[in-house]
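Notes follow once the structure below has been shown.
Taken together, the values in this text are just the output of simple stated rules run on the coordinates, not laboratory data. In this text, all values refer to a predicted model and were calculated from it rather than measured experimentally. Neighbour counts run over all protein chains shown; Cβ positions are idealised from the backbone, glycine included.
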Amino acid sequence: MPRRNSRDPRTSAKARLGEELAKARESAGFASQAALAEHMRIDRTVVGKAESGERPPSDPVLKAWIEECRIENVELVLVLAELARAADDNNEPIPAWFADYAADIEPVAHTIKTWQGMIMPGLLQTPSYARALFESMGYDAATIDARVAARIKRQSILDRADPVSLWVVLDDAVLRRCVGSETVMHEQLSYLAERATAHNIGVQVVPAENGANAGCVGALTIASVAGKPDVAVIEGVQDTVSEMQELVRSALSIFDRVRLDALPGSASLNVIMEAAKNYDGNGLA
């Protein structure tokens with residue numbers, strides 16, 4: 001029986017990639033998507049969406065797929081993966097690589113840990129701050145409006161009846177980097193200080209004088225969902241969402257090491273409030 005893809009593999013790189021991955025899975029002896037998912041210790045939906053052409057797999061998942069299924073035409077698969085990712089519509093409110101996480105993991109997570117060395121975490125951004133970031137990326141007005149709305153909507157998990165526990169570690173540079181304008185920054189840091197006092201939110205700042213730390217590798221997030229493996233979100237040139245245990249353990253180790261360099265919560269709150277004052281009126285002191 002011919003495999004039914006949601007897209008035509010003759011015209012869609014995503015569907016063609018999915019077809020190749022499904023053939024490789026079956027040839028390697030994994031009779032079902034669930035069998036391969038269990039073997040690679042990832043959610044079955046990741047395999048299903050990759051094979052249907054709905055969502056190309058992340059780099060770590062694709063690498064594991066190639067190895068576990070002993071794919072021979074590696075170059076073809078890698079080219080198809082690159083084309084599939086390029087085909088993702090940049091006008092979507094939430095980027096394709098992040099969409100599954102935003103829809104299926106973040107809303108039901110009981111704990112989220114995040115380290116940011118450059119910008120404010122999305123879950124704590126004000127609309128004006130988020131807008132300034134998207135404007136700097138060169139998006140058109142309609143895309144910016146949609147992405148700001150989607151980002152703010154995600155923040156509802158902080159105020160639900162059973163709110164997520166959010167643990168944030170920020171580099172001091174996040175407080176000093178002027179995004180948008182001094183008015184935007186004053187509003188953002190005042191909001192951050194307010195949110196940091198919530199019972200389910202913890203914010204710590206790593207002082208600039210501490211120098212280099214384990215978090216210099218880039219931003220990361222670890223989400224924990226009851227009954228499921230932790231998920232790591234690694235941000236950089238190639239953004240990645242992965243359940244692979246090695247990557248999750250590495251992300252947790254980096255988070256813990258960075259947190260060791262951070263100020264306690266109360267001292268961090270004072271630093272944030274002082275930074276907000278510096279943007280009030282005449283700008284930075």
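Can you tell me the relative contact order of the chain? Whole percent, Cα pairs under 8 Å, sequence separation 6 or more.
Computed over the chain, the figure is 19 percent.
Please give the contour-minus-distance gain from Glu75 to Thr197: 0.36 nm per residue of separation, less the Cα-Cα distance, rounded to one decimal in nm.
38.8 nm
R0 = 51 Å: FRET efficiency of Ser27 with Val217, Cβ-based, nearest 0.05?
0.90
Taking the beta-carbon count within 10 Å as an exposure proxy, list Cys178, Cys69 from fewest neighbours to most.
Cys178, Cys69
Relative contact order for region 130-285: what is it in percent, counting Cα pairs under 8 Å that are at least 6 residues apart?
26 percent
At 222 nm, what value in deg cm²/dmol follows for the chain if DSSP H runs of at least 4 each add -39500 (n - 2.57) and the sum is divided by all its residues, to the nearest 500?
-14000 deg cm²/dmol
What is the diffusion coefficient of the chain in µm²/s, taking the Kirkwood radius over Cα pairs and the Stokes-Einstein relation at 4 °C with a viscosity of 1.567 mPa s?
64 µm²/s
What do you get for GluC sites (Glu not before Pro) in region 6-61 restricted to DSSP loop and a cutoff of at most 10 other Cβ within 10 Å of the site's Cβ?
Answer in residue order: no site qualifies.
Just order 127-133, 28-34, 207-213 by mean Cβ neighbour count inside 10 Å, highest at the front, would you?
Highest to lowest by the protection proxy: 127-133, 28-34, 207-213.
Can you bin region 120-217 into rounded, prolate or oblate? Criterion: square roots of the alpha carbon gyration tensor eigenvalues sorted a ≥ b ≥ c, rounded for a/c under 1.5, prolate for a/b above b/c, oblate for the rest.
Here region 120-217 falls in the oblate category.
Want the number for Glu68 to Arg177: 0.36 nm per residue separation, take away the alpha-carbon distance, what's left?
Length gained between Glu68 and Arg177: 34.9 nm.
Counting alpha carbon pairs within less than 8 Å and at least 6 residues apart, what relative contact order, in whole percent, applies to region 13-86?
Relative contact order, region 13-86: 45 percent.
If you rank Lys63, Lys113 by fewest surrounding Cβ atoms within 10 Å, what's the result?
Lys63, Lys113
With r as the distance between the Cβ atoms of Asn210 and Ala146 and R0 = 35 Å, compute the FRET efficiency 1/(1 + (r/R0)^6) and round to 0.05.
0.40
If the cut-off is 23 Å between C-alpha atoms, which lysines fall inside it for Lys63, apart from same-chain ones fewer than 8 positions away?
Of all the lysines, those that pass the test against Lys63 - Cα under 23 Å, at least 8 places apart if same chain - are Lys14, Lys23, Lys49, Lys228.
Give the order of Met244, Met273, Met118 when sorted by the count of other beta carbons within 10 angstrom, beginning with the fewest.
So the ranking, lowest neighbour count to highest, is Met118, Met273, Met244.
How much of the DSSP bridge set in the chain is antiparallel, in percent, rounded to the nearest 5?
50 percent
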